[in-house]
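The values are calculated or read from the model by the stated rules, or taken from the named source; none is laboratory data. Source: prediction; values computed, not measured. Reconstructed Cβ throughout: ideal geometry from the backbone, glycine too, with neighbour counts over all protein chains shown. Quick note on the areas: whole protein, heavy atoms, side chains included, nothing else; ligands and nucleic acids left out. Shrake-Rupley method; radii C 1.70, N 1.55, O 1.52, S 1.80 Å.
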Amino acid sequence: MSQQPIGIFDSGVGGLSILKAIQHHLPNENLLYFADSKYAPYGKLDQKILHERCRFIAQFFVEKNAKALVIACNTATAVMADWLRAEFDLPIIALEPAIKPAAEITKTNNIGVFATENTLHSERYLSLLQKYAKDKKVFESSCAGFVEQVELGELATPKTLSLIENYLNPMLEQNIDVLVLGCTHYPFLEQSIRKIAGEHQLEILDTADAVSLQLTRVLAEHELLNFDGHHQDLFFTSSQLQQAKPVFSKLLNTDITVVEVS
Ligand code: DGL
């Protein structure tokens with residue numbers, strides 16, 4: 001049972017930022033990654049369709065004999081995590097924007113949050129703010145266009161840099177000293193964000209390590225950790241291969257095989 005794979009999914013290639021951290025923390029695990037790029041961005045997707053997609057992908061992993069599932073998407077977590085947990089009988093690890101650590105480390109008491117519209121409007125996110133950041137000023141942006149740029153593999157093109165400038169500069173003017181990346185696509189833009197932030201002292205937080213540690217704990221609790229050194233990671237996409245393969249390979253810094261699933 002411990003050699004069964006772990007299913008990881010996102011609206012697209014963003015969750016590869018989580019997959020990379022999992023590969024680092026749990027190098028023996030067999031990973032399956034599903035990029036639902038045909039339906040990206042989830043941030044603006046009708047919730048009924050989001051529901052259908054999450055069910056389809058979870059079922060896909062169950063058929064592949066997954067021992068656990070990681071929702072590598074803040075948006076799907078915010079909207080669907082409770083439902084998936086009620087519906088599917090396997091450990092499900094979800095993520096949430098790093099509001100708690102941001103509130104702990106800010107010195108200016110001004111925090112920036114980049115996340116999708118669906119996440120920013122979700123009850124889960126609002127209750128995080130209520131719980132941990134009531135006494136902080138939180139500046140939010142849904143960063144229209146970011147997900148699309150990452151889906152194209154355009155991490156530092158003039159268009160991407162100009163989008164970052166548009167969303168980041170008003171926050172820097174408000175003296176934020178911590179920026180929460182509340183969408184798994186955005187860590188791929190971190191270098192460009194740092195470039196635009198320039199001299200500003202800015203901590204940039206995401207949750208890839210926290211999720212990997214949580215996954216490790218859950219697998220250990222269920223006695224599902226894989227100690228066999230031979231592992232294989234497989235990659236799936238709902239979009240077209242010609243589009244997906246170069247972007248997967250770019251984001252993972254290695255040439256990989258991707259399988260199209262319709
Ligand atoms: N990467 C996802 C997230 O963490 C979804 C982005 C989107 O498709 O809107 O929210």
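Pairing each residue of segment 169-188 that is over 12 Å from residue 143 (Cβ atoms) with any residue that is among the charged types (D, E, K, R) and more than 16 Å from the ligand (Cβ to nearest atom), provided the two are 6+ apart or on different chains, yields C-beta distances under 8 Å for 174/137; 177/107; 177/203; 178/203. In this structure, residue 86 does satisfy being more than 15 Å from the ligand (Cβ to nearest atom), of a type outside the set (Lys, Arg), open to solvent by 10 Å² or more (accessible area, probe 1.4 Å) and within 19 Å of residue 122 (Cα to Cα). Taken as a whole, the structure places residue 235 among residues that are within 26 Å of residue 67 (Cα to Cα), surrounded by 13 or more Cβ atoms within 10 Å (Cβ to Cβ), among the aromatic types (Phe, Trp, Tyr) and touching a helix residue (DSSP H, G or I) at 6+ places or on another chain (Cβ under 7 Å). Note on segment 190-262: enclosed helices (runs of 4 or more DSSP H) holding 2 or more residues that are within 29 Å of residue 103 (Cβ to Cβ) and out of contact with any strand residue (DSSP E or B) (no Cβ under 6 Å at 6 or more places or on another chain) are 190-197, 208-221. Only residues that are within 13 Å of the ligand (Cβ to nearest atom) and modelled with pLDDT of 95 or more were counted across segment 12-48, and they come to 12. Filtered by the rule that a residue be touching a Phe, Trp or Tyr at 6+ places or on another chain (Cβ under 8 Å) and either assigned to a loop (DSSP other than H, G, I, E, B) or away from the ligand (no atom under 11 Å from the Cβ) (or both), segment 66-83 gives 69, 70, 72, 73. Taking first residues from segment 216-241 that are in contact (Cβ under 8 Å) with a residue 24 or more places away in the chain and partners that are in a helix (DSSP H, G or I) and of a type in the set (Asp, Glu), the Cβ contacts under 9 Å between residues at least 6 apart in sequence or on separate chains come to 239/151. Residue 17 passes every criterion in (1) buried (at least 22 other Cβ atoms within 10 Å of the Cβ); (2) of a type in the set (Ser, Thr, Tyr); (3) not in a helix (DSSP H, G or I) apart from (3). Checked against the criteria, residue 56 counts as part of a helix (DSSP H, G or I), out of contact with any Phe, Trp or Tyr (no Cβ under 8 Å at 6 or more places or on another chain) and either of a type in the set (A, V, I, L, M) or away from the ligand (no atom under 14 Å from the Cβ) (or both). Set side by side, the residues 211, 178 differ, and just one is under 30 Å from residue 67 (Cβ atoms) and hydrophobic (A, V, I, L, M, F, W, C), which is 211. Taken over segment 20-37, residues that are open to solvent by 10 Å² or more (accessible area, probe 1.4 Å), farther than 15 Å from residue 249 by Cα and charged (D, E, K, R) amount to 0. Taking residue 188, is it of a type outside the set (Val, Ile, Thr), open to solvent by less than 10 Å² (accessible area, probe 1.4 Å) and within 15 Å of the ligand (Cβ to nearest atom)? Answer is no for this residue. Of all residues in segment 49-71, those that are farther than 14 Å from residue 89 by Cβ have Cβ atoms under 7 Å from Cβ atoms of residues that are surrounded by 15 or more Cβ atoms within 10 Å (Cβ to Cβ) and among the acidic types (Asp, Glu), 6 or more apart or on another chain, in 53/36; 57/36.
Can you confirm whether segment 137-153 contains a residue that is open to solvent by less than 30 Å² (accessible area, probe 1.4 Å), farther than 28 Å from residue 214 by Cα and free of Cβ contacts under 8 Å to residues at least 24 places away in the same chain? Checked segment 137-153: at least one residue is open to solvent by less than 30 Å² (accessible area, probe 1.4 Å), farther than 28 Å from residue 214 by Cα and free of Cβ contacts under 8 Å to residues at least 24 places away in the same chain. Would you confirm whether or not segment 164-174 contains a residue that is in contact with a strand residue (DSSP E or B) (Cβ under 6 Å, 6 or more places away or on another chain), surrounded by fewer than 16 Cβ atoms within 10 Å (Cβ to Cβ) and among the polar types (S, T, N, Q)? For segment 164-174, residues in contact with a strand residue (DSSP E or B) (Cβ under 6 Å, 6 or more places away or on another chain), surrounded by fewer than 16 Cβ atoms within 10 Å (Cβ to Cβ) and among the polar types (S, T, N, Q): present. Being at pLDDT below 95 and of a type outside the set (A, V, I, L, M) is the requirement here; does residue 104 meet it? Considered against the rule, which asks whether it is at pLDDT below 95 and of a type outside the set (A, V, I, L, M), residue 104 comes out as no.
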